[in-house]
Amino acid sequence: MMIKSNITITENESETKQLGEAYAGKLKGGEILCLYGQLGSGKTTFTKGLAKGLGIESRLLSPTFIIVRHHHIQNKLFQTLYHLDLYRINNPKEALWIGLNDWLNKKENIIVIEWPEKLGEFLPKNRIDIYFKDLGDDKREIKL
Ligand code: ADP
Ligand code: MG
């Protein structure tokens, strides 16, 4: 793993998980994490580490086919991790129909959104943007 200010280059899947796990320790509750990057760039892998760092023990699957998964957080600070993958939505309003606005800006929730650009004008303003890039082989650049 190579860390240069806010850019980290990981060299395998488990390093990206570790990065997510460590990042979980910085969360205070109510954050909206927007993960950008092409398919296979490591967004879900990072989220798996984040979930582990939040004390979630259930296996975190990619929500690609069902758009959102909720995970109960087994620690005292937060209650629920909402993990959205908007790759398949065609209209930004679909994210609102599934309930996005009800989960946002609540201290007890952590929200992770893959393909946030699909939200268009509904992209939350108070979000944290994280960028993923596939550098070839097993290298991934993650800009926090
Ligand atoms: P996304 O959610 O961005 O589509 P995933 O996290 O689901 O991407 O998939 C990343 C893929 O790349 C996995 O198959 C993983 O094994 C592989 N991989 C190889 N190197 C890395 C790395 N350094 N970090 C994360 N994933 C990696
Ligand atoms: Mg994914």
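Screening residue 37 with (1) surrounded by fewer than 22 Cβ atoms within 10 Å (Cβ to Cβ); (2) closer than 15 Å to residue 111 by Cα gives one miss only, at (2).
Remark: pairs (first residue in the range 68-84, touching a residue at least 12 places away in the same chain (Cβ under 8 Å); second residue among the aromatic types (Phe, Trp, Tyr) and outside any loop (DSSP other than H, G, I, E, B); Cβ separation under 7 Å; 6+ apart in sequence or on different chains) = 68/82; 70/82; 82/103.
Can you name every one of the helices (runs of 4 or more DSSP H) wholly within the range 26-144 that holds 3 or more residues which are in contact with a Phe, Trp or Tyr (Cβ under 8 Å, 6 or more places away or on another chain)?
Details: elements: 43-53, 93-97, 100-103.
Those helices (runs of 4 or more DSSP H) span 43-53, 93-97.
Count of the range 106-141 residues, restricted to those that are closer than 24 Å to residue 29 by Cβ and surrounded by fewer than 13 Cβ atoms within 10 Å (Cβ to Cβ), is 4. On the stretch given as the range 6-54, residues that are acidic (Asp, Glu), more than 7 Å from ligand 1 (Cβ to nearest atom) and closer than 16 Å to residue 143 by Cα total 1. Checked across the range 88-102, the condition of being touching a residue at least 40 places away in the same chain (Cβ under 8 Å), more than 16 Å from ligand 2 (Cβ to nearest atom) and surrounded by 13 or more Cβ atoms within 10 Å (Cβ to Cβ) holds for no residue.
Suppose the filter is closer than 14 Å to residue 132 by Cα and either within 10 Å of ligand 1 (Cβ to nearest atom) or loosely packed, with under 13 Cβ neighbours inside 10 Å (or both); does residue 57 pass it? Steps first, please.
Working: closer than 14 Å to residue 132 by Cα: no; either within 10 Å of ligand 1 (Cβ to nearest atom) or loosely packed, with under 13 Cβ neighbours inside 10 Å (or both): yes.
No.
Taken as a whole, the structure leaves residue 73 outside the set of residues that are of a type outside the set (Gly, Ala, Ser) and within 16 Å of ligand 2 (Cβ to nearest atom). Residues in the range 6-25 that are assigned to a helix (DSSP H, G or I) and of a type outside the set (Asp, Glu): 14, 16, 17, 18, 19, 20, 22, 23, 24.
Throughout, read-outs are computed from the coordinates displayed, never taken from laboratory work. If you're wondering where the values come from, they're calculated on a predicted model, not measured in any experiment. Quick reminder, even Gly has a Cβ in these numbers, built from the backbone with ideal geometry, and neighbours come from all protein chains shown.
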